[in-house]
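The values are calculated or read from the model by the stated rules, or taken from the named source; none is laboratory data. Just so you know, these numbers come straight off a predicted model, no measurement behind them. Positions of Cβ are generated from backbone atoms using ideal geometry, with glycine treated the same way; all protein chains shown enter the neighbour counts.
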Amino acid sequence: MRALLKTGTRQIHGRVDDAFSTLNLADYHDYSVFLNAHFRAYSALCHHHPDQTPLGDALRDLRCLLARDLQSLGAANTIVQTQKMPSTLHPLGIGYVIGGSHFGKRVLQKRWSKSTDTRVLHAGRYLDTHLLKELCMTMLVALNAEQNEAPAIVESATATFALFFKSLTHAKAASTKHLEPTGNQAA
């Protein structure tokens, strides 16, 4: 099942990874965009998946950590519009995406930890959390047991990756609207 998910989401997954790789996580502005994009995506997922399940709880907890990090950066009042999601998303498709993100956080932590900006370094709750470790392991086992739901799981993972891509696009657009002018440059 994991091989099917990897193959079925390769294109959108690569697109999302490439888009997020353009951000310098040691930079205040880029890190703000990174956090805001994730906050937008998790807000949409929480809205879509409000139930009291381990996945629903994890989504809300991660959104809370992101909100606290944005507040630490002074970016807590960022306008967030909830993204529209397909009406049915398989929890294992969502779990595949956020679980993979969890396993890739070490690379992100290394990039973030190179910051010399104390505001950035004080906003590391989301990157430092191990909240998803147990949930990810449970979902990996469940993925192997859900072969008959493979198309729905792949479709849901694809939609979740697309949500993160769209959230980053919106976060970047919102950040350029709020940049302070740098002043007149001498010719």
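Restricting attention to the stretch 76-101, the residues being buried (at least 17 other Cβ atoms within 10 Å of the Cβ), at pLDDT below 80 and within 27 Å of GLY124 (Cα to Cα) number 3. In contact (Cβ under 8 Å) with a residue 40 or more places away in the chain and not in a helix (DSSP H, G or I): is that true of THR9 in this structure? So THR9 does not fit the description; no. The criterion of at least 3 residues that are surrounded by 13 or more Cβ atoms within 10 Å (Cβ to Cβ) and touching a helix residue (DSSP H, G or I) at 6+ places or on another chain (Cβ under 6 Å) is met, among helices (runs of 4 or more DSSP H) falling completely within the stretch 111-177, by 125-128, 133-145, 150-177. Across the stretch 12-49, the qualifying residues are those that are in contact (Cβ under 8 Å) with a residue 24 or more places away in the chain and of a type in the set (Val, Ile, Thr), and the one among them that is surrounded by the most Cβ atoms within 10 Å (Cβ to Cβ) is VAL33. In this structure, VAL107 does not satisfy being under 17 Å from SER21 (Cα atoms), modelled with pLDDT of 85 or more and buried (at least 18 other Cβ atoms within 10 Å of the Cβ).
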